[in-house]
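Scroll down for the structure; my scribbles are underneath it.
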Amino acid sequence: MPTPCEVDTTFRLDTQQAEDLARQFGTPLYVLTETCLRQRIRAYKHAFEASAERTQLCYASKANSTLGVIKIAHEEGCRIDVASEGELRAAIAAGVPAGDCEFHGSNKHPDELLFALESGIHAINVDNFEEIEHLSSLWQLRYTTKLVLRLAPGVDPITHEKIATGQEDSKFGFNISDGSAERAVLLTMKFKLHLVGFHCHVGSQLLDPEAQAAGAEALARFALRMLESHGFEAQVLNFGGGLGIPYTKDDSPLPVIEYCRRLADGVSNVLGETSLKPLLMQEPGRALVGEAGLTLYQVGVVKEVPVAGGTRVYVSVDGGLADNPRPALYGAEYTVERVSPVTESGLKRCTVSGRHCETDELFPNVLLPNDIAQGDLLQVLCTGAYNSSMASNYNRYPRPATVLLTTEGTTRLLQRQETWDEMFAREIV
Ligand SMILES: Cc1ncc(COP(=O)(O)O)c(C=O)c1O
């Protein structure tokens, strides 16, 4: 298995593979490739390690918390970032010790905190004063868990507003500029909590490093100020989520090696020759798993409707916002291809729509072959992140299966399609 920083192109299936998988497992179907997944993780890890002396990569399991995926990320040396008790339970069920997990969340329930502490979680990312107070009441139980404060560094990244989180007007973290972050440090010191450092996550799907680097430098400046003003020595600086991915040909993320170097250099410029030598951390989700996955759909109805200046072609597929809510949530775009090759009939502009009782415009404005027809298979690339983990049962559709194409060339079911019995198992008539 190669370990260079650059890895081969986005995962797609050929016609035979796609038809075999659709026949065996049905559609819609999430398909992951183990080779690409491991390559992406190794490439990111290698790039980060090459950029600074002490680094640790975490996998943001919210991106895809299928147990098989968490297991692979852990095998590749990642700690696991969990954002709920459910995600922590998923990590534990995947065989990851809680001592290799970090717990995030802007409104953690006291029961979740207790479960995490009792499980022996490695670190808790503390978001607010209520959480500090609550942890201080539990601390008499002498937990060894480390605490990291999530800070709002006042960085407004260029990305969709729904995935921008580094600005001051945000529910996440302690504001640096209004003094909340400093008060939080003093409070943890007063309660003698095991504070080890600082975290920020300025936003997701960032294709260049400037916003993330600004966040990282703000953390480093803050850490230095806490050392000088209060003698608090930060051992950890965590810059949050990772690099964006090429969902479409218009997205060109910086090579990961340059990205990591830019972040690490920014921190080292701020800390210079001071005594602070923190462990640098990142917790990418989509950059590790996004490109390793695709979704297969089968085309049903194809309909032409008159619109001003022409016609619109609606190509309906047997999935939609229940298996991929990102287009409806924030207009996310993807690369959509027919599995069987384009014939001589050429291409036409289509709107791929989902089957749910909403407009469910999955992919407006994609080019598909002129002879697209019922029964054709479509593959949507880069759906390994935030698709299966965000799936719902809207309109009572069962959630799709996930299969893994292993490095040995076999096909392994990671998660089977939900059954009707499971769908109604929680209900009492
Ligand atoms: C705190 C935190 N860390 C990491 C991530 C992962 O982000 P990405 O998948 O863009 O790398 C997120 C995404 O929402 C996040 O909120």
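The values are calculated or read from the model by the stated rules, or taken from the named source; none is laboratory data. What you are looking at is a predicted structure, and each value in this text was computed from that prediction instead of being measured. Cβ coordinates were reconstructed from backbone atoms using ideal geometry, including for glycine residues, and neighbour counts include every protein chain displayed. Just so you know, the surface numbers come from the protein's heavy atoms only, side chains and all, with ligands and any DNA or RNA stripped out. Shrake-Rupley method; radii C 1.70, N 1.55, O 1.52, S 1.80 Å.
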### Task
Using 0.36 nm per residue of separation minus the Cα-Cα distance, give me the extension gain between residue 130 and residue 394 in nm, one decimal.
91.6 nm
### Task
Putting +1 on Lys and Arg Cβ atoms and -1 on Asp and Glu Cβ atoms, find which of 279, 352, 299 reaches farthest to the positive end of the dipole of the chain.
279
### Task
State, to one decimal in nm, how far the label point of residue 250 lies from the label point of residue 75, with both points 7 Å from Cα in the Cβ direction.
3.8 nm
### Task
Determine the sum of side-chain charges near residue 371: Lys and Arg each +1, Asp and Glu each -1, restricted to other residues whose C-beta is under 13 angstrom from that of residue 371.
0
### Query
Evaluated at 20 °C with a viscosity of 1.002 mPa s, what Stokes-Einstein diffusion coefficient in µm²/s does the range 203-361 have when Rh comes from the Kirkwood expression over alpha-carbon pairs?
111 µm²/s
### Message
Give me the count of lysine pairs in the chain whose alpha carbons sit under 14 angstrom apart, restricted to pairs 8 or more positions apart or on different chains.
### Response
5
## Note on the structure
Per the helix-only model, the chain has a calculated mean residue ellipticity at 222 nm (DSSP H runs of ≥4, -39500 (n - 2.57) each, divided over all residues, rounded to the nearest 500) of -9000 deg cm²/dmol
### Task
May I ask for the net charge around residue 235, where only other residues with Cβ less than 12 Å from the Cβ of residue 235 are counted and Lys, Arg are +1 while Asp, Glu are -1?
+2
### Summary
Counting Lys and Arg as +1 and Asp and Glu as -1 over every other residue whose Cβ sits under 15 Å from the Cβ of residue 92, the net charge comes to -4
### Solvent-free Debye scattering, log10 I(q)/I(0), computed from the Cα coordinates of the range 241-299 at q = 0.23, 0.24 Å⁻¹
-1.00, -1.05
### Task
Using only Cα atoms, find the angle between the long axis of helix 110-119 and the longest principal axis of the chain, and express it within 0 to 90 degrees, rounded to the nearest 10.
80 degrees
### Query
Hey, if you drop one equal point scatterer on each alpha-carbon of the range 297-429 and run the Debye formula without solvent, what base-10 log of I(q)/I(0) do you get at q = 0.17 Å⁻¹?
-0.99
### Task
Go ahead and set up a Gaussian network model of the chain, Cα springs under 10 Å, then flag whichever of 129, 172, 239 fluctuates most.
129
### Task
Using the heavy atoms of the protein chains and a 1.4 angstrom probe, tell me the accessible area per residue for the chain in square angstrom.
44 Å²
### Query
So how many Å³ per residue does the convex hull of the Cα atoms of the chain work out to?
159 Å³
### Message
Nearest 10 degrees is fine. How inclined is helix 129-138 to the longest principal axis of the chain, computing both from alpha carbons?
### Response
70 degrees
### Query
Extension gain residue 340-residue 429, at 0.36 nm per residue separation less the Cα-Cα distance, in nm?
27.4 nm
### Message
Of the candidates 187, 117, 237, which one comes out as most mobile in a Gaussian network treatment of the chain with C-alpha springs shorter than 10 Å?
### Response
187
### Query
Measuring from centroid to centroid over Cα atoms, what is the spacing of the range 277-332 and the range 400-424 in Å?
20 Å
### Two-site label geometry, residue 144 and residue 16: point separation in nm, points 7 Å out along Cα→Cβ
5.3 nm
